[in-house]
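S.K.: First the structure, which I've put down as structure tokens, then a few questions once you've had a look.
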Amino acid sequence: MSESPSKRESCEGPLRREVLAVRGVVQGVGFRPFVFRLAVEEKLAGFIGNDTGGVTIEVEGPVERVEAFRRRLEAEAPPLARIDSVVSQIIPSKQENEFRIVASDAAGQVSTGIPADAATCADCLRELLDPADRRYRYPFLNCTNCGPRYTITRSIPYDRPQTSMARFKMCAACQAEYDDPTNRRFHAQPNACPVCGPRVWMVSYANLPTRDFRGAEANLPSCYDPIQQTIDLLLSGQIVAIKGIGGFHLAVDATNETAVMRLRERKHRYGKPLAVMVRDLDAAREVCELTGEEEALLQTNPRPIVLALRRASSGIAESVAPGIPWLGVFLPYAPLQHLLFADARVKALVMTSANLSEEPIAIDNDEALQRLKHIADAFLMHDREILQRCDDSVMSLVDGTPQLIRRARGFVPLAVPLPFDSPPLLAVGGHLKNVFTLARGRFAYQSQHLGDLENVTGLEFFREALQHLMHTFEIEPEVVVHDLHPGYLSTSWAKEWAAERNLPFIAVQHHHAHIAACMAEHGIEGPAIGLSLDGTGYGTDGKIWGGEVLIVRLDGPDPSSFERWAHLDYVPMPGGEAAIREPWRMALGHLHAAGFDVESPEILKLLDAKPRDARILERMIEGELNTPLTSSCGRLFDAVAAVVLGRGVVDYDAQAAIELEGCAVREDDDAGRSEYALELWDGGESAGPNVIRADRMWKALLSDLRCGEDPSRIAARFHAGVAEGFINAAANARIETGINTVAMSGGCLHNRRLARLLRTGLEEEGFQVFQLRNVSPGDGGLSYGQAVVAAAMIKNRKAEG
Ligand SMILES: [Zn+2]
Ligand SMILES: [Zn+2]
Ligand SMILES: [Zn+2]
């Protein structure tokens, strides 16, 4: 089948015909019309078509014009395209005289990327707000340069019948745009207009006597503007569930304290910061102190939530991000969101994933009505089905470099490269903030952020997303990789799944995976000194690790092993998991380990603890009752936050550590006092790993507190002391091993102050220092590291025959 012929003028000189196989993100990004225009401009004949590997192009014409085409193909590619490779071959002339776009070929092995969802482009935004345009205020306009992709796609090749737009038949005007190679909407798969496309409507209590929405849609009056109604409800302090690109958001006026508090109460989420969407960059500058890099990051296509310092005069309700100096801000990325902000009265909206605590985000209309009925006052719905759940991505700037905290919308399903070939494999990740990875060849495909795998809904989301990505990329895993922790739901699930398919499975130690991820992203096969500063992960000795200095190599005879060169000394964690939720327990464990009398009035006062409770904990520690030992760096931060800030109990993950970093945000980096530096102790005759101890730090910290030193100074000194301790450990590891490369990873590297202090300090020592950029250093990046270790093992086994 051929479409869109274009006459080729006759030309002189020797002719050449070339076939080009282009791989990368080249479908659904306006690549075919771009190539068509290029071929017409260069007066070449031939064709272009999508295939499951990317696109195939044949061009024929004078040699110099074919070469010009080849150059321009890569230099002028459309903004959302990413060319990974072009393989070309000269073939005999076919004596054609026109260039055509041909229908997709669905055969062959899949290796093309489905594009990620893209934010509304400037051209579409102009049309959206132009009263003369036929798409004026139409919330689903898009073009080849923007719009939803991954979240509306069932499988590839990325064509309309494979998306949730399949049920909308284009009107004549839309079809004409879709068929016209010179139009911005040529083959824009989600192309739509008010005549033929999806629509929005509102379901609200105002129209209903009870909180039962079933059948409610039929009762609504037809002549109203649901978007205006949404704005009015938001401005009056109501909570509206708004269906977006990757799921529903719960929206509320971010400047209205009462409204934000009501949302928190209904969501049962009291401390965790909420993301705020503002109209544009100027509005973002009004609420946050933005650096140039942060401004640039806000405007990048994934439109991530960016953590930035909140202005005192921001006007944003205090309860949006209580206890911390940052705000997660982001800009509108869907036409519907632009329309909400088109009303000048709307300044800033809390836009938080519509879910209960760590459950998956709601995507389906009925599901949302059911699950959110006790939270939302109204629902702004639409009938373009979301096929893949996808939260907003979250980023921050560490040392002026963007770092991913949550990799989701706008990034998924773009591939992350691997430094060596991998067999088809599945790495299932960890327990909290789960992300899995499918790998094949030189590419790893990370799932979107899936949340915690603690409950059935979490596991269902995991299965759903896995099914989809396996299908999309036609990857049938031959190996399954999981964490070493026997108690993780992901571990037992992985083993069962592998057993059902008769597949081998590989366990990878948590912090080993964190370091391998960092090495692989930078193409380092090793050896490297790994600083894995983290919350918790299961160690090879059955204890809970998290403050580790590891020697890792991916090119040795056995990449599954590593050397534990040093670790934070073990301290008791009275109550196990309870000590994570209640940092005062961790503080007591740490102070006990540092030799303090934890029942003394001074310590009891510091921990705000009752003598009886402290005594019980001390007995647990001494009797080793429900008191695992941990070398976790995250837990050390928790303990210090409990003592310095009185943060005895947390209600979201890493809250204490985040507040401690926030407390020091205005302090200089060189606030250090040498007594705060953690000390490296020799492993001794046992020949075990060296240990890093915090006793001296605790003494200095308590003496500062007695002198009435500012908590912010103490927090700054503590950060510097931790950094100094690990830099010193790395320097000693270098003396012993001669390794000059440091790879840093683990959840504590989200702490910008710590990451900056470590990097600058290590570089001053002459180290080459690497940190993760395109993969999260936290547990969101764990599965990528697991995949790397497994692929390295398999590669090296093969090499040995
Ligand atoms: Zn557009
Ligand atoms: Zn239409
Ligand atoms: Zn971790």
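S.K.: Compute the length gained on full extension between Arg72 and Glu257: take 0.36 nm times their separation in residues and subtract their Cα-Cα distance, giving the result in nm to one decimal.
M.R.: Numbers: separation 185, 0.36 × 185 = 66.60 nm, distance 5.38 nm.
Taking Arg72 through Glu257 to full extension adds about 61.2 nm, to one decimal.
S.K.: By how many degrees, 0 to 90 and rounded to 10, does the Cα axis of helix 611-623 deviate from the longest principal axis of the chain?
M.R.: Between helix and principal axis, roughly 90 degrees.
S.K.: First obtain the Kirkwood hydrodynamic radius of segment 222-303 from its Cα pairs, then insert it into the Stokes-Einstein equation at 37 °C and 0.692 mPa s, and state the resulting D in µm² per second as a whole number.
M.R.: Working: Rh = 14.7 Å.
For the chosen part, D equals 223 µm²/s.
S.K.: What is the calculated FRET efficiency for Glu293 to Glu709, with r their C-beta to C-beta distance and R₀ = 30 Å, to the nearest 0.05? Write out the running numbers ahead of the final one.
M.R.: Working: r = 33 Å, r/R0 = 1.09.
It comes out at approximately 0.40.
S.K.: Same structure again: With each label point set 7 Å from Cα along the Cα-Cβ vector, what nm distance links Asp282 and Arg581?
M.R.: With each label point 7 Å from Cα toward Cβ, the separation is 4.8 nm.
S.K.: Shifting gears a bit: Taking the Cβ of Ala587 as the center, what net charge do the other residues with Cβ under 15 Å away carry, scoring Lys and Arg +1 and Asp and Glu -1? Could you put the intermediate results ahead of the total?
M.R.: Values: positive: Arg581, Arg585, Lys605, Lys610, Arg635, Arg647, Lys699; negative: Glu582, Asp597, Glu599, Glu602, Asp608, Asp613, Glu618, Asp638, Glu659, Asp695.
Combined, the nearby Lys, Arg, Asp and Glu give -3.
S.K.: Mind listing the long-range amide H neighbours of Trp681? Cut-off is under 5 Å, sequence gap 5 or more, other chains count too, H placed in the peptide plane at 1.01 Å from N.
M.R.: Val691, Ile692, Arg693
S.K.: Now, a different point. Evaluate segment 700-801: find the radius of gyration of its Cα atoms, find its Kirkwood radius, and give the ratio Rg to Rh.
M.R.: Ratio value, two decimals: 1.12.
S.K.: Hey, another quick one. Hey, any idea what the orientation-averaged projected area of the convex hull of the chain's Cα atoms comes to, in nm²?
M.R.: Working: hull surface 150.3 nm².
With every direction weighted equally, the projected area is 37.6 nm².
S.K.: Could you tell me the calculated FRET efficiency between Lys94 and Arg615, based on Cβ-Cβ distance and R0 = 56 angstrom, to the nearest 0.05? Numbers along the way, then the final one.
M.R.: Values: r = 89 Å, r/R0 = 1.59.
The value I calculate is 0.05.
S.K.: Let me ask another. Considering the zone a paramagnetic label at Ala342 would reach in this model (a point 7 Å from Cα along the Cα-to-Cβ line), which residues of segment 128-159 have amide N under 14 Å from it?
M.R.: Under 14 Å, as judged by backbone N against the label point of Ala342, lie 128-142 of segment 128-159.
S.K.: Put Lys347, Lys243 in order of accessible area, largest first, 1.4 Å probe: what do you get?
M.R.: Lys347, Lys243
S.K.: Still on this structure, I have one more. Local charge sum around Val306 (other residues, Cβ-Cβ under 11 Å, Lys/Arg +1, Asp/Glu -1)? Working shown, then result.
M.R.: Values: positive: Arg303; negative: Glu293, Glu294, Glu295, Asp392.
That sum, taken over residues with Cβ under 11 Å, equals -3.
S.K.: Where nothing but the Cβ of Lys and Arg (+1) and of Asp and Glu (-1) is charged, how large is the charge dipole of segment 306-392 around its Cα centre, in debye to the nearest 20?
M.R.: Working: 8 positive and 12 negative charges, 104 e Å.
Charge dipole, segment 306-392, about its Cα centre: 500 debye, nearest 20.
S.K.: In debye, nearest 20, what is the charge dipole magnitude of segment 469-621 about its Cα centre with +1 on Lys and Arg Cβ and -1 on Asp and Glu Cβ, if you could check? List each step's numbers first, then the result.
M.R.: On the way: 12 positive and 23 negative charges, 133 e Å.
Result for segment 469-621 is approximately 640 debye, rounded to the nearest 20.
S.K.: Sequence gap at least 6, Cα distance under 8 Å: using those rules, report the relative contact order of the chain to the nearest whole percent. List each step's numbers first, then the result.
M.R.: Numbers: 1865 pairs, mean separation 87.0, N = 801.
Relative contact order for the chain comes out at 11 percent.
S.K.: Figure the gain on full extension for Arg756 and Thr300 (residue separation times 0.36 nm, minus the Cα-Cα span) and round it to one decimal in nm. Walk me through the intermediate numbers first.
M.R.: Values: separation 456, 0.36 × 456 = 164.16 nm, distance 2.33 nm.
The span from Arg756 to Thr300 would gain 161.8 nm if fully extended.
S.K.: Once ligands and nucleic acids are excluded and a 1.4 Å probe is used, how much of Glu582 is accessible, expressed in Å² to the nearest 10?
M.R.: Surface accessible to solvent at Glu582 totals approximately 50 Å².
S.K.: Shifting gears a bit: Can you tell me the FRET efficiency between Ile735 and Thr401 if r is taken as the Cβ-Cβ distance and R0 is 22 Å, rounded to the nearest 0.05?
M.R.: On the way: r = 29 Å, r/R0 = 1.33.
The formula returns an efficiency of 0.15 here.
S.K.: Projected area of segment 29-158, taken from the Cα convex hull and averaged over every viewing direction, in nm²? Write out the running numbers ahead of the final one.
M.R.: Numbers: hull surface 38.0 nm².
Value for segment 29-158: 9.5 nm².
S.K.: Counting pairs of alpha carbon atoms under 8 Å apart in space and at least six apart in sequence, what relative contact order in percent does segment 226-301 give?
M.R.: Details: 46 pairs, mean separation 12.2, N = 76.
Dividing the mean separation by the residue count of segment 226-301 yields 16 percent.
S.K.: In terms of modelled amide H atoms, which long-range or inter-chain residues lie less than 5 Å from the amide H of Ala241?
M.R.: Residues meeting the amide H criterion: Ala251, Asp377, Ala378, Phe379, Leu380.
S.K.: Could I ask something else about it? Multiplying the sequence separation of Thr182 and Arg199 by 0.36 nm and subtracting their Cα-Cα distance, what value in nm do you get? Numbers along the way, then the final one.
M.R.: Details: separation 17, 0.36 × 17 = 6.12 nm, distance 2.75 nm.
Full extension of this stretch gives 3.4 nm more.
S.K.: Sorted by accessible area with a 1.4 angstrom probe, largest first, how do Arg734, Arg264, Arg463, Arg285 fall?
M.R.: Working: Arg734 55, Arg264 5, Arg463 110, Arg285 90 Å².
Correct descending sequence by accessible area is Arg463, Arg285, Arg734, Arg264.
The values are calculated or read from the model by the stated rules, or taken from the named source; none is laboratory data. The model shown is predicted, which means the values in this text are computed figures rather than measured ones. Every residue, glycine as well, gets a Cβ built from its backbone with ideal geometry; the counts of neighbours run over all protein chains shown. Quick note on the areas: whole protein, heavy atoms, side chains included, nothing else; ligands and nucleic acids left out. Shrake-Rupley method; radii C 1.70, N 1.55, O 1.52, S 1.80 Å.
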